[in-house]
Each structure stands twice: as C-alpha cells, then as structure tokens.
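K.L.:
Please read through the structure below; I'll follow up with questions.
The values are calculated or read from the model by the stated rules, or taken from the named source; none is laboratory data. None of the values given here were measured: they were computed from a predicted structure. Cβ atoms come from the backbone with ideal geometry, glycine included; neighbour counts cover every protein chain shown.
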Amino acid sequence: MGASRGQLVIMAPLSGVLVSLDSVPDPVFAQKLVGDGVSIDPTSDVLLAPVAGTITQLHKSHHALTITTAQGVEVLLHIGVDTVTLKGEGFTALVHVGDAVTVGQALVRFDMDFVARNARSLLTQVVVANVDKVSRFVPATGLVEAGQSVVLTLELADTEPSLESVSQDLVLGDPVVLPNPAGLHARPAAVLAAQAKQFQSDIRLVLGTQEANAKSLVAIMGLGTAHGDVLHVKAQGVDAAEAVRCVSSMLAQGCGEEAGAVPTPLMPVLESAAPMLASTVKTLGAVTASVLTGVSASPGLAVGQIVQWRAPSVEVVEQGGTVDQELAKLDAALAQAHEQIDALKSTFKDASQVNILAVHQALLEDPDLLEQAIQVISKQKSAAFAWQSAFINHAERLENLQGSSNALLRERGKDIRDVGGRVLGLLAGVEHRQATLPEQAIVMAEDLSPSDIAGVDRSKLLGFCTVSGGATNHVAILARSFGIPAICGMDQAVLSLVPGTTVVLDGDQGLLYTQPSAQVLSQVRQRIAEQADLRAQEKRGAQAPASTTDGQAMDVVANVRNLQETQEGVAHGAQGVGLLRSEFLFDDRASAPDENEQAAAYMAIAQALGPQRSLVVRTLDVGGDKPLSYWPIPPEANPFLGLRGIRVSLDQPEMLRTQLRAILRAAPLVQMHIMFPMVALVEELRQAKAILAEEQKALGQPRVQVGMMVEVPSAAVMAEQFAREVDFFSIGTNDLTQYTLAMDRGHPKLAKLADGFHPSVLKMIALTCAGARQHGKWVGVCGGMASERMAVPVLIGLGVRELSVSVPAIAAIKACVRSLSLTACQALAQEVLQMSTSAEVRARLASFAEGLSPHASLR
C-alpha cells in the first residue's frame, strides 16, 4: 500500500502483537521523547521496511535505523529495549546508510532467542521522529503480519516546510560556562560522550572556532577545555533539539564530576606507608654523594634494587590484505583488548582503580579513533599500520596542548598510547607479557602505563621512577591507591643506573638516593619497620572496640557503596555502616532500579552486617552537580544551590516511596537507619518523614531510626530544632565546608582555602553537637574529616560519637581513638574554637599529636 495525497501509511515491519508506545519499559519511548508511534511484540525475526524511502541512519549496533520518506517523514525503527548494550551481537544489517528501500524490503535480521535472553525487552518501536510533519496519528491494534498489515496511518500536515522550519534542522544551544575545575578531562568527557551517544543526531561541541564530535571521548578532550570556558552545543538530526537540551544540561552540571574529584599533586588516596622524618632527610643529604630529584607522584619510603623497564618493540607492516580482512583483524583485536582489560579490572577492588581502566575501554569504542583507522585501512593499509597511525595522531594532539590548564589532558594522551599499544601488540602478534620482577624491585622507566602497574606482582614492586608523567596521570593515581611510593619527572640519568643497585626512594620529597651509606640504609629500614609495625599493630586491634582512655565509647563505621565494600569494611573492623551511598544502584544505567532490585541489594548488605551492627542508608543524593543521565534536570544558574539531595526526592515522591519501601524490607535484618541528604529546612524534613511514615504503615514495618545529613549552615544553626525531629545527625564535612566558607571545593584558586579545619566549620560542628545533646541525640561524621587522624581529637572533643570512614582507614582511626583522652580532647576543642585561621588550628593539632606516643602519632 502507498500513500495518498496528505496521507502516509506505515506497514508492519514485523509480525506480532501491537502494543501502545506508553507501555514500553523505556521512558525515552514511553514518554515520546523521540517521537510518536507504536510498538510491536514480535514473532518474526527479519525487520522489513514499513515505508519506501532512504536509509538516513543506521546505528553501528544495527538494532536501530531511520528511513526518510519522499515526504520528509523520518520513521525510526528500534528493535528491542536496551539492545544497544548488545553492541551488534545478534543483529545482521542487510542495508547501508544511503540505500533506497521499498516497502517490504528486508533491513535487519536478528536472533530473537539471543536478544530476548540478553536484552530488557524484544518490543520493537516504530516511531515518527519529526512529529511536526504529522497532523494526526491513527494507530492500528491487535495482531499484524510483516509487510502485509497497516500499523499506522498518518495524516500529514498541509503546509510545506518553511525556510524557518528548515533552518531549525540545525539546533544551536545557549552558551554554557564549563564548571569542571580541570575542564573536560577523561572522566567527564567519557560521561558526556556516553550521554551524547544515546542520540541519533550529529552533535558537536563548539569552543570558539573549534568543534568536536560530542560522541568522541578523544575529540572532546582534544578541545583542551578549561574551567570557565564558554561552550555551545549544536546538533542536526532527528532528535537534535532534545540532544542539545540534554547535552547542554550535562555540561552545565559538570557531567557528573564532583567538585573534589579532580586529582591534584601530593594528595594521596591512601596514607603514606612510610613518611620520612625531616631529620632523616637531612642525614641522607649530608652523606649521599648522588641525589636525583623529581616530582612526588605517590608518597612513601622504600629501599630496593633498581630494575630497568623497557617496553617491547612492535614491528608494523604497512601493506595489508583486503579491506574486509583488515577490518576483521581490527575488530578481533579490539574485542580481545576489551577482554584483557576486563580481566585486569576484576583484580581491582577500589572504584577509582576500576574507573581508570573503564576509560581505557571507552577509548576502544571511540568513534573518531575508529573512523581514522578505518579510513587508513580503506587505502589498502594493514590494520596494525592504520591503528598505530590513528592512536599516535590522537595522543600527540593531546600531548601537544599548551598551558597549565591542559596538564590533565596532556596526561590523558598517555592513556591513549597505553590502550593503543595493547591493541597494536595484538594486531602485530606481540604477546602482551607482564615483566617478571625480582624481590624488592624499584623500577626505572621512561614511562609506565596503568596496564603495566595493574599486571605486575605488586608484592615485589616497592616503588618506581619515571622520566615522563606527572602527579595527575593515571599511573600515579594507581600508585597512590596501591600505596606504592613513586616519583615522576626524573632526569634521564635514572635510565642509566645499573640494575641491581640498592637505592632509597623518598616519594614524599621526590628524591632518589643512588649511593646511600650503610648508616642511612639502616636508618631508613628502621623507619620502614616502625611504620610496618604500627600498621600490623593497628590491624591486630581492628576488631576491638574503640574507646578513649577514660572510657568514652566511639563507633568507628564505614562509608561504602555496595556489598563488596561492606564485606571489606567488616573484615577491617567496622562496627557497622555509617553511610551507604545508595546512588550505586542508580548510576550507569538507562533507567531507575525497581523496588525489588533495590530491596535485594539492601538485604544483601544487611545480611553481611548482621543484626548486631548498624546500617545507615542515605536516600538518593543526586541533582545539581550529580545528575542521572535518564533523569535530566533543567540547567540551573547555580547547581549547588538548586535541586539537590532531598529536594530532588520530594520533587519525585514516587521514586522516594519506592526507595523507602525497598529499604524498609531490609530493616528486620539489621539495625536500620534511614538518612535524608542535604536538608536545609524543617519543612523538607517533615515532608520526607511523612512519606516514610505512610510507607511504614502500609508495610507494617517497625519503626527505624531516622536521621539527616548536616551539610549546610542552616542545618547546623537550627540543630536544636532539627533534633526534635530526628534520631541522629551525620555531618558531611566536605559540603559543610564549602557552604560555610562559600568556596567551591573544586575551584582551582579557592580549593586550598576550603579547609574543614577552619574555625567557622568547627563551630558549625559544635553547634550541631550542642543542639543534639539538648534532646539526647547522637552525632556522627561521614565526611572526609572523619578519616583524617589529625581531626579525630577535635571531633571527639566537640561531641561527635560516630566516625564513618573509608574502609582502609578503619583500623588506624580505631587505634587513634584508643590513644586519646576525652577530657584532653574536650579541652583541645574549646581551645581551637577560639582561633582565627585554619593554619592556627592545624598547628595546634600537630603539636597535640607530638605529645602522644610515637605509635599514636596523628601526623
């Protein structure tokens, strides 16, 4: 059947049962964000053309395509729900972009059984994307037969497209000021690229005269953006307007990057394994004939033997076989590299470590990188030659960026070389083997990659020095997370040091002592032994209660994201969980988790803790600077003062109800506490409590403890009033600091001043504890200060009775508590509250620490 004047008939592309579009389990289709149409629950496995026209879009996974008719109507066909995650597996495209097709022509063949088992749904959408072309939709119902039945009859708009409407094909967004402290480096760029890939339109970021493909991680980073840059988003295609709106919103909100997430030099993820005394440094300098200097990449002290590290050479043949043969080789190498990185990720426990390798996997799918390689292959070059030229070109583009603001981006060029070299080795037949290290190895290298560090026996690697790199590169971040001392930016002379030579590596000072005397080696080894003894002593006491010397009990609990971290926390001595970041259930997915999925996760964590331990679940804390891709929030002039925390949940009460029901289902298994984030007003808290009470009544659940985060000055100042409403407070010192001082923690010039030890922040903590005491309520701290030894005495003295800390810090913080007197801590707290600056407070806390025994040192 064809179309009469003013009418277009759309035939069934598959056999099956017609389903209303609003029942599709994907809000993008159900809410008709893409367009209007119908859905089919299919019984056939070959997608046929429902209209005559031209293939104007074919997704690389072959699960979706667009046909544009002669009338200009764009018909989108989308097989299944969440089938993009299958990455083309189970789909065979029978057409290409630009092909003219007739009604009933076969377009895509798919494996129904495989897709049904591995995708969210087989429901296939037939959607008119440019609904402005249609004045009326008349959908059919019931059973349909592919190529024979009508599924939609469209009455087309009478007016011809005006020049104005044609010009709207290219949509240009409003200017966006980039909030990211270090610009769009790897993580925010990866988040943005992933979001942009959800749209069919061509999406570009515009910075001055430069443009970049918003779906390309490499292209985004190649813009060399910096904090405060003004960007525009422009798009052209079937969903251009929605793409511009959503991508602009993501940019304005920082692409999910928290203000303090940017790595900075000399900020270790873990405490230094062996801090060196100044006197020891002076002794070394006095007796050592040769000292090489660099930049501290990871703190700590090590004595070991030099190992010279050389990357294997790879020979590349320029000429290749047929284009199809070389493309197949490239596809196979990319897939194998992805599997290798997956295997490395499985050996990591820390999320920051896993995220670094996840960026590498994203690079394997980068459209700009792949497109350049494919273009070279099309000129009869080998896959290895094409891939090498592509990744080196992209790496050099980043490495050649100028200016201090682009330091992070220059480092990301090394990530491209790392993942590029992995694929190149596979293409050239060079097996990727990890170096075999001797005992007590200190590695010297021109450069190292995350893959190098991830794959070696880290029990033998005591430290490393590199000529290139900086404290912000990924290998330095990994070194800090593993507690491996490291120095970067060394002189080329380190590459000439004799293997097997004994050296001292001082990661704190960025110094390598190449000729230490026997006396110095003895001193350093003694210092390392003392630190090892301290850690062993802390570990032995990890499961013991934490009480001060005069009997004040303190709960030392864990900040966790999931079941695995909960189990690790218990093993490290946590007395419970003081903060479960429930966002882990909502992140990195296409839609929100349902009640059953959430309940299963909470119950597993509760079972891991058992009935004698406490579990504090913070309700969903998103919005503002922490958006969800499937739940976009309109751009805000100041996201930190907009829809955040409890405000988002109250704006979406059904979502909050679902989460509360799921938490309550786990309550019988543990000492359950529910905590609401970013509460500023008593009215907000009462609304949230009312919803909780209704859900408790409906489920017949016993009462649970209810608390709130203290993250803004109003909550601290009104603590006495809030304490009438809740059972406990938990102070988020990171946000409380930035809101009290009106300083963005991620601001490049202000971050150093946004110090939680400032007397004004300490007074906010004191106000909170005083308000809680009036009503017999307890106060915890779950922010970064709780994990800092120097902060523990003053927090105890102010009245904090629970410290929720990072898992690696549990044993050390418990040991610290046991070394302190409550009376002395209270006197100390009153003293520092009278001070005027952070520097004064820190100096006093340092002198307090010196008065303790060596094993209790807070420094």
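K.L.:
Can you list residue pairs whose Cβ atoms sit under 6 Å apart, with the first residue in the range 487-515 being free of Cβ contacts under 8 Å to residues at least 40 places away in the same chain and the second being part of a loop (DSSP other than H, G, I, E, B)? Count only pairs 6 or more apart in sequence or on different chains.
P.N.:
Q492/V467
K.L.:
Which number in (1) under 37 Å from the mean Cα position of the chain (by Cα); (2) closer than 27 Å to A715 by Cβ; (3) of a type in the set (A, V, I, L, M, F, W, C) marks the one condition that A811 misses?
P.N.:
Every condition holds for A811 apart from (2).
K.L.:
Taking the stated definitions as given, is S838 surrounded by 18 or more Cβ atoms within 10 Å (Cβ to Cβ), out of contact with any helix residue (DSSP H, G or I) (no Cβ under 7 Å at 6 or more places or on another chain) and at pLDDT below 95?
P.N.:
Spelling it out, S838 is indeed surrounded by 18 or more Cβ atoms within 10 Å (Cβ to Cβ), out of contact with any helix residue (DSSP H, G or I) (no Cβ under 7 Å at 6 or more places or on another chain) and at pLDDT below 95.
K.L.:
What pairs can you find where one residue is in the range 71-85 and closer than 14 Å to V134 by Cα, the other is modelled with pLDDT of 85 or more and not in a strand (DSSP E or B), and their Cβ atoms are less than 6 Å apart, with a gap of 6+ or different chains?
P.N.:
Going by the 6 Å Cβ cut-off, the qualifying pairs are E74/V238; V75/V51.
K.L.:
Now, a different point. Within the range 22-58, take every residue that is at pLDDT below 80 and in contact with a Lys or Arg (Cβ under 9 Å, 6 or more places away or on another chain) and give me the one that is farthest from R589 (Cα to Cα).
P.N.:
D22
K.L.:
Against the condition in contact with a His (Cβ under 9 Å, 6 or more places away or on another chain) and either assigned by TED's automatic domain parsing to the domain that holds Q612 or assigned to a loop (DSSP other than H, G, I, E, B) (or both), how does V779 come out, does it pass?
P.N.:
Judged against the criteria, V779 is not a match.
K.L.:
In addition: Could you tell me how many of the residues in the range 741-775 are touching a Gly at 6+ places or on another chain (Cβ under 9 Å) and modelled with pLDDT of 90 or more?
P.N.:
Total satisfying the criteria: 8.
K.L.:
Taking the condition of being assigned to a loop (DSSP other than H, G, I, E, B) and in contact with a helix residue (DSSP H, G or I) (Cβ under 6 Å, 6 or more places away or on another chain), how many residues in the range 510-540 meet it?
P.N.:
Qualifying residue count for the region: 1.
K.L.:
So L77 passes all but one of these: (1) at pLDDT 85 or above; (2) surrounded by fewer than 17 Cβ atoms within 10 Å (Cβ to Cβ). Which condition number does it fail?
P.N.:
The number of the failed condition is (2).
K.L.:
I'd like to know if the range 124-138 contains one or more residues that are aliphatic (A, V, I, L, M) and more than 24 Å from L156 (Cα to Cα).
P.N.:
Checked the range 124-138: no residue is aliphatic (A, V, I, L, M) and more than 24 Å from L156 (Cα to Cα).
K.L.:
Looking only at the range 198-242, which residues are modelled with pLDDT of 80 or more, of a type in the set (V, I, T) and buried (at least 22 other Cβ atoms within 10 Å of the Cβ)?
P.N.:
Within the range 198-242, I203, I220, T225, V233, V238 meet the criteria.
K.L.:
Being surrounded by 16 or more Cβ atoms within 10 Å (Cβ to Cβ), farther than 20 Å from A662 by Cβ, touching a residue at least 12 places away in the same chain (Cβ under 8 Å) and of a type in the set (S, T, Y): is that true of S730 here?
P.N.:
When the stated conditions are applied, S730 passes them.
K.L.:
Could you give every pair whose Cβ atoms fall below 7 Å, whose first residue belongs to the range 529-540 and is in contact (Cβ under 8 Å) with a residue 12 or more places away in the chain, and whose second residue is surrounded by 12 or more Cβ atoms within 10 Å (Cβ to Cβ), counting only separations of at least 6 or pairs across chains?
P.N.:
Taking only residues 6 or more apart or on different chains, the pairs are Q531/A273; Q531/A274; L534/H855; Q537/H855; E538/A811; E538/A812; E538/A815; K539/A811.
K.L.:
Given the conditions (1) at pLDDT 85 or above; (2) over 22 Å from I453 (Cβ atoms), which single one is not true for R397?
P.N.:
Only one criterion in (1) at pLDDT 85 or above; (2) over 22 Å from I453 (Cβ atoms) is unmet by R397, namely (1).
K.L.:
Return yes when G573 is out of contact with any strand residue (DSSP E or B) (no Cβ under 6 Å at 6 or more places or on another chain) and farther than 30 Å from R120 by Cβ and no when it is not.
P.N.:
For G573, the condition - out of contact with any strand residue (DSSP E or B) (no Cβ under 6 Å at 6 or more places or on another chain) and farther than 30 Å from R120 by Cβ - is met.
K.L.:
I would also like to ask the following. Only one of these conditions is not met by D587: (1) surrounded by 19 or more Cβ atoms within 10 Å (Cβ to Cβ); (2) assigned to a loop (DSSP other than H, G, I, E, B). Which number is it?
P.N.:
(1)
K.L.:
(1) part of a loop (DSSP other than H, G, I, E, B); (2) at pLDDT 85 or above: which one isn't true of S61, the others all being true?
P.N.:
With respect to (1) part of a loop (DSSP other than H, G, I, E, B); (2) at pLDDT 85 or above, S61 is out only on (2).
K.L.:
Same structure again: Can you name the residue in the range 671-713 that is of a type in the set (G, A, S) and assigned to a helix (DSSP H, G or I) and is also surrounded by the most Cβ atoms within 10 Å (Cβ to Cβ) among such residues?
P.N.:
A688
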